[in-house]
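Below is one structure, written out as structure tokens; the observations come after it.
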Amino acid sequence: MVTSQDVARLAGVSQATVSRVLQGSARVSPETRERVLTAMKQAGYHPNAAARAMRTRRAGTIGVVVADITNPFYPQLLEAVSDELGRAGQRMTLWNATGPSEASALEAIREGAVDGLLFTTVTEMSKPLEEALQCNEPVVLLHRGLDHIGCDQVTADNVAGGRLAAQYLVRAGHERIGFLRGPQSASTALHRERGFREMLGELGHPLAPELVRPGDFSHDTARAAMRELLDGPHPPSAVFCANDLTALGAVDGAISLGVRVPEDVWVVGYDDIAMAAWEAYGLTTVRQPITDMARMAVRMLIERIEDRTLPARRREFPAELVVRRSTAHTPAS
């Protein structure tokens with residue numbers, strides 16, 4: 001029977017280091033963790049989860065709360081989180097943030113079924129998040145943050161991303177620029193819109209109210225909104241969308257009217273999901289570094305699990321404009 005001592009000898013580390021890898025400790029370097037995990041695989045070592053939980057008083061499982069799993073962005077984010085948790089020797093349990101599932105995640109952490117929680121779609125109205133923070137439970141917000149909440153948060157600079165999109169479209173010569181908004185309960189939507197409006201105003205092209213439509217980050221809503229914009233007496237020559245799924249709906253809305261993208265109207269999205277690069281869309285978009293964000297969030301959560309007295313930390317990653325066919329491959333100046 002293969003033991004943790006055998007793994008330690010094979011990896012050239014101490015048994016204590018193997019134990020720390022099994023616990024998902026942040027005190028192990030990524031290189032050492034990879035070496036230990038490789039040795040486990042080579043030796044065929046399978047730790048007893050129940051025995052480890054009794055010994056360490058940890059479940060070795062992280063809960064992830066997500067909403068709207070049909071949005072292609074979230075499977076990509078979850079894949080990055082899962083990969084990083086696997087490298088840290090942790091398992092993942094998933095909850096849907098709609099309905100009673102979010103409250104179930106809080107119950108799980110109280111019962112010790114999970115060691116910490118990653119919230120990926122939090123809003124100001126999240127009662128389970130509020131209760132978890134009041135109880136000082138290990139929590140990290142990933143992707144969506146909250147401006148007025150003191151907890152660990154990992155986000156992209158959505159304000160700067162919105163500014164990038166506005167600057168790009170104005171410098172390319174567009175004057176009638178449309179905007180398909182996101183849900184106003186989501187910090188990502190609010191921050192992208194703030195940056196977009198700010199930059200348009202600074203460049204002397206304030207966003208015209210008649211060229212703005214509400215949205216909910218969904219394809220069908222965006223398709224209908226785009227048709228409205230293009231059916232108007234003075235349609236936009238370019239449209240910025242609050243996320244990529246909205247942008248894909250906007251492209252389909254244009255096509256349904258016989259309006260060509262990019263010859264008749266440009267479309268810019270946000271997130272850079274895998275579909276954005278498909279040749280059928282070739283969507284120009286603002287990219288979030290999903291893998292880097294997931295890596296940081298997992299590391300911060302493991303550190304929080306080990307030490308709940310740490311001060312609240314925020315990490316904000318830069319956004320990047322990715323130019324493709326939906327804006328005629330026009331480079332950013």
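The values are calculated or read from the model by the stated rules, or taken from the named source; none is laboratory data. If you're wondering where the values come from, they're calculated on a predicted model, not measured in any experiment. As a convention, Cβ positions derive from the backbone with ideal geometry for all residues, glycine included, and neighbour counts pool all protein chains shown. We work out accessible area using only protein heavy atoms, side chains counted, and drop any ligands, DNA or RNA first. Shrake-Rupley method; radii C 1.70, N 1.55, O 1.52, S 1.80 Å.
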Can you list residues whose amide H is under 5 Å from W95's amide H, if they're 5+ apart or on another chain and H is modeled 1.01 Å from N?
V64, V65, V66
Equivalent ellipsoid, the range 4-47 (semi-axes from 5 times Cα gyration tensor eigenvalues, Å):
15, 10, 9
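What percentage of the solvent-accessible surface of the chain, computed with a 1.4 Å probe over protein heavy atoms, is contributed by carbon and sulfur atoms?
In the chain, the share of accessible area belonging to carbon and sulfur is 51 percent.
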Sorted by chain and number, the residues with a modelled amide H under 5 Å from that of R287, at a separation of 5 or more or across chains, are D271, E320, L321, V322
Among DSSP bridges having both ends in the chain, what percentage is antiparallel? Round to the nearest 5.
10
Residue by residue, what Karplus-based ³J(HN,Hα) values in Hz, rounded to whole numbers, does the range 307-315 have, using 6.51, -1.76 and 1.60 with θ = phi - 60° and x for Gly and Pro?
8, 6, 8, 4, x, 4, 10, 10, 10
Report the extension gain between E107 and R308 in nm, rounded to one decimal, defined as 0.36 nm multiplied by the number of residues separating them, less their alpha carbon distance.
70.5 nm
In the range 158-288, what percentage of the DSSP-assigned beta bridges are antiparallel, given to the nearest 5?
0
Using label points projected 7 Å from each Cα along Cα→Cβ, tell me how many nm separate T330 and E210, to one decimal.
2.2
Which far-off residues, 5 or more places away or on another chain, put their amide H under 5 Å from the one on A238, with H placed in the peptide plane?
G178, W266
Highest GNM mean-square fluctuation among R308, R91, R227, for the chain with Cα springs under 10 Å, belongs to R308
Cα-derived Rg over Rh, computed across the range 158-288 with Rh taken as Kirkwood radius:
0.92
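Pairs of Cα atoms under 8 Å, at least six residues apart: use those to get the relative contact order of the chain, whole percent.
On the way: 653 pairs, mean separation 55.3, N = 333.
This gives 17 percent for the chain.
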Inverse of <1/r> over all distinct C-alpha pairs of the range 189-266, i.e. the Kirkwood Rh in Å, gives 12.8
Calculated from the structure, Cα extents along the principal axes in Å equals which of (i) 81, 35, 35; (ii) 58, 55, 29; (iii) 75, 40, 33?
(iii)
Rolling a 1.4 angstrom probe over the protein heavy atoms, how many square angstrom per residue are accessible across the chain?
45
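Tell me, which longest segment in the chain has none of the GluC sites (Glu not before Pro) that fall in DSSP loops with at most 11 further Cβ atoms within 10 Å? Mind dumping the intermediate values first?
On the way: sites that count: E263, E279.
Free of exposed loop sites, the longest segment is 1-262.
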